[in-house]
1. Is it the case, given these coordinates, that residue 204 is in a helix (DSSP H, G or I) and loosely packed, with under 13 Cβ neighbours inside 10 Å?
2. Within the range 152-183, track down each residue that is within 18 Å of residue 91 (Cβ to Cβ) and more than 31 Å from the chain's Cα centre (by Cα).
3. How many residues are surrounded by fewer than 18 Cβ atoms within 10 Å (Cβ to Cβ) and at negative phi if we restrict to the range 111-121?
4. Any idea which residue in the range 243-252 is nearest to residue 214 (Cα to Cα), counting only those that are surrounded by 14 or more Cβ atoms within 10 Å (Cβ to Cβ) and in contact with a strand residue (DSSP E or B) (Cβ under 9 Å, 6 or more places away or on another chain)?
5. Kindly indicate the residue of the range 225-255 that is modelled with pLDDT under 95 and at positive phi and also farthest from the chain's Cα centre (by Cα) among those meeting that condition.
6. Scan the range 567-605 for residues that are surrounded by 19 or more Cβ atoms within 10 Å (Cβ to Cβ) and within 18 Å of residue 547 (Cα to Cα) and report the count.
7. Residue by residue through the range 153-180, note down the ones that are part of a loop (DSSP other than H, G, I, E, B) and surrounded by fewer than 21 Cβ atoms within 10 Å (Cβ to Cβ).
8. Only one of (1) in contact (Cβ under 8 Å) with a residue 60 or more places away in the chain; (2) surrounded by fewer than 18 Cβ atoms within 10 Å (Cβ to Cβ) fails for residue 183. Which number is that?
């Protein structure tokens, strides 16, 4: 803190000296990028009010890659207006000088906002806890309710870009008015801004929603409602391969498959604690035989009922049960996002019932499984230990501490370092969450391992130990994919639609040069299909170049082209995705290469 104050004082002195010399010092530190972005959101808001008198202001925070501000405006804001706002921002910044912070009582703050007619900000003031200080930040005669922090002044070099306009409900509640949200970003240097904008273009190119349409992978349908994914045949093939890989890994590690219903009586979720702690994400009850039922938000209560079906002995433990179970959660329409945020999804849910002595080893085994699966898809990851939430949790502190200790011990056994996520645990227990990094450097949370002493207690689970006494098992909840929908959406973006050979919807396309070569291509397609490979024979009447273009558009890993010479020599001309050169090889040689790529689940062709 002292060094930050010293740096600010040094910058202030340099600024005075530079102004005396008739120039502005190129100051950047000590302010973090998030502080700059938050300040630029205020600059944008002042420009919006200058251009659109009567604007009402919501919130304008810094976010991961920039900032946004929500407005209620007298007219719809079009994308073309962003350039006008940017120009006004530059004009204001030139004359703005320092940002000034002032502190007020609740009454004084409310009076200032009422005078300006700012109804949303006035509502925000009323929600600030009594006794907490209320601050306003001002520049160039314009002020905003804000807790900060901000940069000290706008006459220092920085660079920004307004990016898009979107809709957003006030406070994220669809019952509230829809505001207009303007997104932007800011950097200290022109080079950093240019690099970021280039990165955003790549992100846009790899957007799974865009690729989903372009490659005919999945769709949404308003007739079915928002947040539900329809997997098309091509992506269905990808999912089938993902599921097969998942089952192979689990069966090799002693997991047994179980299947549970999609609907259960509401009382089941009352006992589990989901109704109390998760009710806002559960769908409304339906009446069956005059009793309330719910579609399941989780698979764990169903697995618990299977465990309870008969008495259990210590000799049976650990029990490892796995289910690809579809669950349903009510997500607000404003947060739905392609395959990444949905209302119905399939969790690769597994539950382990074990003794306290077995727990660290079981956790270590799960963590090894996570590492194997994520690395096969080409993901690097960071593991986070998520502790007890401050709100909505069950169980005693002693139980939570035991569970946290077990997770730490299991991670140590597996050789996986943990970072801390304070308060990020599930309501029934702590967990280890994995955030994997994709090809564009973005982090995604997918895999999770949760240690639970509480649900066995709530459901009065027991096993007979070797001494004949009844004891409580411990539950390990874990999902490796997290949800197949979200993981697959991330995969599409990670690969940019170019799936590795073992996952590709179509692995090989055979293209005859002329109609006479079609029989040979059909023969080879049958051979490849018999090996379990996904192949298409493009033997229709279209021109060969058109077929090549179509297969390239679909990002097929290998195109096999056959003409007179190939037929005569039992060869194929191989055209590999993203490579210009072609090679002529014996078909049997290519077949062995394809087998090897599929067997090893190689990420490279």
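1. Working: in a helix (DSSP H, G or I): yes; loosely packed, with under 13 Cβ neighbours inside 10 Å: yes.
When the stated conditions are applied, residue 204 passes them.
2. Filtering the range 152-183 for residues within 18 Å of residue 91 (Cβ to Cβ) gives 153-162, 182.
Once the filter is applied, which keeps residues that are within 18 Å of residue 91 (Cβ to Cβ) and more than 31 Å from the chain's Cα centre (by Cα), the range 152-183 yields 153, 154, 155, 156, 157.
3. Step one: of the range 111-121, the residues surrounded by fewer than 18 Cβ atoms within 10 Å (Cβ to Cβ) are 111, 114-117, 119.
Now narrow it down to the ones that are at negative phi: 111, 114-116, 119.
Of the residues in that region, 5 qualify.
4. Step one: list which residues in the range 243-252 are surrounded by 14 or more Cβ atoms within 10 Å (Cβ to Cβ), which gives 243, 245-247, 249-250.
Then keep just the ones that are in contact with a strand residue (DSSP E or B) (Cβ under 9 Å, 6 or more places away or on another chain); that gives 243, 246-247, 250.
Working: 243: 24, 246: 28, 247: 30, 250: 34 Å.
Of everything passing the filter in the range 243-252, 243 is nearest to residue 214 (Cα to Cα).
5. 225
6. 3
7. The first filter runs over the range 153-180 and keeps only residues part of a loop (DSSP other than H, G, I, E, B), leaving 154-158, 173-177.
Of everything in the range 153-180, those that are part of a loop (DSSP other than H, G, I, E, B) and surrounded by fewer than 21 Cβ atoms within 10 Å (Cβ to Cβ) turn out to be 155, 156, 157, 173, 174, 175, 176, 177.
8. The failed condition is (2).
The values are calculated or read from the model by the stated rules, or taken from the named source; none is laboratory data. Note that the coordinates shown come from a computational prediction; the quantities given were computed from them, not determined experimentally. So basically every Cβ, Gly included, is an ideal-geometry build from the backbone, and we count neighbours across all protein chains shown.
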